[in-house]
Amino acid sequence: MSQFTWFTAGESHGEALVMMMEGMPAGFPIDMNQINTHLRRRQGGHGRGDRQKIERDTIHILSGVRNAQTLGSPIAMLVQNRDWENWQGKMGPQKFDTEPEKVTRLRPGHADMAGALKYAHDDVRNVLERASARETTSRVAVGAVARQCLSLFDIELHSFVRRIGAIESDAQPPYDWDAVEGSVVRAPSHTEEMVAAIDAARAAGDTLGGVYEVVAEGLPVGLGSYVQWDRKLDGLLAQAIMSIQAHKGVVVGAGWEATQRPGSQVHDVIEADAEGDLGHRTNRAGGIEGGMTNGEPVVVQAAVKPISTLLKPLDSADLATRQKVEAHYERSDISVVPAAGVVGEAMVAIVLWTAFLDKFGGDSLSEIRRNYDGYVRSTARRE
Ligand SMILES: Cc1cc2nc3c(=O)[nH]c(=O)nc-3n(C[C@H](O)[C@H](O)[C@H](O)COP(=O)(O)O)c2cc1C
């Protein structure tokens, strides 16, 4: 089993976000520009709030990489919060000169109430600073490293927005990824309608959720396993996606839609190509059978709820007085589905990279390359 682990630290308005990766093999090229590109993609999308105008997320690699190559030692990375300057005296480890005003008006749909009660905080800021999706910056940075490693084996990831509110794109594969990245809502069609829906929600003081899809191509057969519940790749992907803030559902392949059809119209016929290599005629399984990649693209859909900080706040209760109040409002996004897709890509990349190391793991790129090449040869046509 791979020893690859990662974790993150950092508050939304703290000094910086910090990431650690342990178990990265040596010899993998790391391009910081590519990490920054994905950080920028996460900051974009029509419907984001003013925070994104302040931040210019830029990666600092502190250890584990030398001369643009991994060393095999732990990788530590950092992204500074530019907004930190505006939070002097209200955030940070030192004793404050004057106590900042406490946040006590709880936001329905946020971590505020359960977090404050669980950790015995009388200031909801102590909860929201870490519950905030600012943390997804760290995931995107780690994911950007994972996807660079995967791309050496021709594994590539993309995502697109399928739906925002009631507006749905009917696009089918093959998707035009340049067009998706050129759309302000990262959608393959219906951009104008989605933008109009977000603008209408903003005008109404409301927010909108939606659905995005992540597609990973170029995967070998056999990442993940059927032999134990916690090694099944679909289960690992679901956990990773569901752990993203505001994510309330995951579907692999045709998913819910398949429940309405007979099996004969769901399962993907297996056939050999001209070279005798096995494949599938369709990909309704979303590239996973028995908890393992089956050689087809992995396709994961994620459901994102409308975010909970509303310009026109819902009724709520005050943590201190327990009286009825309007929920707290703090500078916020209107729709985060386009950005969420970038975070989803990162989480899928991390899960696939972990599974890849489980299967082919070694201490260096050359060792992993030998393992990979030997295995791929062994799964090809038998004479
Ligand atoms: C990319 C992204 C940006 C987000 N931005 C906001 C925001 O500006 N305001 C907000 O209230 N929630 C935002 N959220 C959602 C909250 O972080 C999330 O709803 C909250 O932490 C509670 O967790 P839960 O929705 O998973 O239960 C965002 C989520 C994502 C994925």
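Observations
- The phi torsions of segment 116-125, fed into the Karplus equation with coefficients 6.51, -1.76 and 1.60 and a -60° offset, translate into couplings of 5, 5, 4, 9, 6, 8, 9, 10, 5, 4 Hz, rounded to whole numbers, with Gly and Pro shown as x.
- Distance (nanometres) between label positions extended 7 Å along Cα→Cβ at Tyr375 and Ser243: 2.1 nm
- Highest average first, the peptides 306-315, 175-184, 352-361 ordered by how many other beta carbon atoms sit within 10 Å of their residues are 352-361, 306-315, 175-184.
- Range of Cα positions in the chain per principal axis (Å), largest first: 77, 50, 38
- Summing +1 for each Lys or Arg and -1 for each Asp or Glu among the other residues whose beta-carbon sits under 14 angstrom from that of Glu217 gives -4.
- Residue by residue, segment 316-331 carries 3J(HN,Hα) couplings of 7, 10, 8, 4, 7, 8, 6, 7, 5, 9, 7, 4, 4, 10, 9, 2 Hz when phi is fed to the Karplus relation 6.51 cos²θ - 1.76 cosθ + 1.60 (θ = phi - 60°); x denotes Gly or Pro.
- Computed over segment 1-148, Cα set: Rg, Dmax in Å: 17.2, 51
- Available extension along the chain between Arg261 and Lys324 is 17.9 nm, counting 0.36 nm per residue and deducting the alpha carbon span.
- Cβ-Cβ FRET estimate between Leu311 and Asp122, R0 fixed at 30 Å, reported to 0.05: 0.70
- Equivalent-ellipsoid semi-axes of segment 15-86, from the Cα gyration tensor, Å, largest first: 27, 14, 9
- Long-range HN-HN contacts of Ile288 with modeled amide H, under 5 Å: Asn294
- Share antiparallel - DSSP beta bridges, the chain, percent rounded to 5: 95 percent
- Inter-site label distance for Glu275 and Asp178 at 7 Å from Cα along Cβ, in nm: 2.7 nm
- Once the Cα atoms are used to define both axes, helix 337-360 deviates from the longest principal axis of the chain by about 40 degrees.
- Reach of Lys359 by Cα under 20 Å, taken over aspartates and glutamates that are not fewer than 8 positions away in the same chain: Glu22, Asp154, Glu156, Glu217, Asp230, Asp234, Glu289, Glu296, Glu367, Asp373
- Across the chain, the mean sequence separation of Cα contacts (distance under 8 Å, 6 or more residues apart), normalised by length, yields a relative contact order of 23 percent.
- Full-stretch length increase - Glu367, Ser73 - with 0.36 nm per residue and alpha-carbon distance subtracted: 104.2 nm
- The packing ranking of peptides 65-73, 292-300, highest mean first, is 292-300, 65-73, where packing means the average number of other beta carbon atoms within 10 angstrom of each residue.
- Using the average count of surrounding beta-carbon atoms within 10 Å as a protection proxy, the listed peptides 55-61, 372-378, 272-278 rank, highest first, as 55-61, 372-378, 272-278.
- The gain in end-to-end length when the Glu156 to Phe96 segment is fully stretched comes to 16.9 nm, 0.36 nm per residue minus the alpha carbon separation.
- The calculated 222 nm mean residue ellipticity attributable to helices in the chain amounts to -9500 deg cm²/dmol, summing -39500 (n - 2.57) over DSSP H runs of n ≥ 4 and dividing by all residues.
Bear in mind these aren't lab numbers, they're just calculated from the coordinates by the rules spelled out. Predicted model only: the values in this text are computed from it and were never measured. Cβ coordinates were reconstructed from backbone atoms using ideal geometry, including for glycine residues, and neighbour counts include every protein chain displayed.
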